[in-house]
Amino acid sequence: MIDSAGLEDGDGVLEIGPGLGALTAGLLERGGRVTAIEKDGRLADHLRRLMPDRRALHVRTEDALETDFGELFRASVCRVAANLPYSVGTRILVRIVDAEPRPETVAVMLQLETARRIAAAPGSSDYGPLAVRTTAFFESALVKTVSATCFYPRPEVRSAVLRLVRRDTPAIRSDAYPRLVEILRSAFSQRRKKLSNTLPDLDLRAVGIDPELRPHRVPPGDWYRLAERALHA
């Protein structure tokens, strides 16, 4: 996880859901300046007691679903390393992807199914809005799968480590991104239907999209061009 985050000495790194602090300790040992967000006040206090002399550790007792990630990334945090809670992992990751500015790297452990959806290629059953939105700003890779036997108590699902690396230049203009989200929501709400049925008001052919296609067949770049064109239509 730490290697996947690309952590270097002195880097500001965000950890979400540190729990008992196993990953936190590793990040600190690597020289990271850790901002840890822990919703459970008892666990947050445990971290503060466990590492009282760690000047490079700042524990915030709050819900990551309400954290202003943009504020952290504008300050000193440039990386994310976290074991995301399965129940809200997707929502947290989307908020990180949507934040402005965005971190240089993200390395997270989350449910394997979710990781596959983010790293999915066009045409696959896992490909959808999550992959398209993430690809606009990051290159993604599923680093490794983690067996349920590695955890106690043992979860009912498999896990995976996902790595995101920020693109030097976003693949979509920032002003067109909200329109992209709207278009994807409409297109994938009925993913078995042709685009001519789900997006009847958009000129798909103008950006090279066949209206007879179903949404999971359209590569990210075509979605970005469609959103940018639709913004000024």
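Is at least one residue of the range 79-100 more than 13 Å from the chain's Cα centre (by Cα), within 30 Å of ASP175 (Cβ to Cβ) and free of Cβ contacts under 8 Å to residues at least 40 places away in the same chain? No, that holds for no residue.
The set of residues in the range 1-27 being surrounded by fewer than 19 Cβ atoms within 10 Å (Cβ to Cβ) and either more than 17 Å from the chain's Cα centre (by Cα) or under 17 Å from ARG55 (Cα atoms) (or both) consists of ASP3, GLU8, ASP9, GLY10, GLY19, LEU20, ALA22, ALA25, GLY26. Residues that are more than 24 Å from the chain's Cα centre (by Cα) and either within 23 Å of VAL108 (Cβ to Cβ) or not assigned by TED's automatic domain parsing to the domain that holds PRO85 (or both) within the range 44-55 comprise HIS46, LEU47, LEU50, MET51, ARG54, listed in sequence order. Taken over the range 173-208, the criterion of being surrounded by 13 or more Cβ atoms within 10 Å (Cβ to Cβ) and either part of a loop (DSSP other than H, G, I, E, B) or modelled with pLDDT under 95 (or both) is satisfied by ARG173, ARG191, LYS193, LYS194, LEU199, LEU202, ASP203. Counting only helices (runs of 4 or more DSSP H) that sit wholly inside the range 61-162, those with at least 1 residues that are in contact with an Asp or Glu (Cβ under 7 Å, 6 or more places away or on another chain) are 69-74, 112-119. Just one residue in the set PRO211, PRO219, PRO215 is out of contact with any helix residue (DSSP H, G or I) (no Cβ under 7 Å at 6 or more places or on another chain), surrounded by 14 or more Cβ atoms within 10 Å (Cβ to Cβ), on the phi < 0 side of the Ramachandran plot and not assigned by TED's automatic domain parsing to the domain that holds VAL80; that residue is PRO219.
The values are calculated or read from the model by the stated rules, or taken from the named source; none is laboratory data. Not measured: the values here are computed from a predicted model. Backbone-built Cβ (ideal geometry, glycine too); neighbour counts: all protein chains shown.
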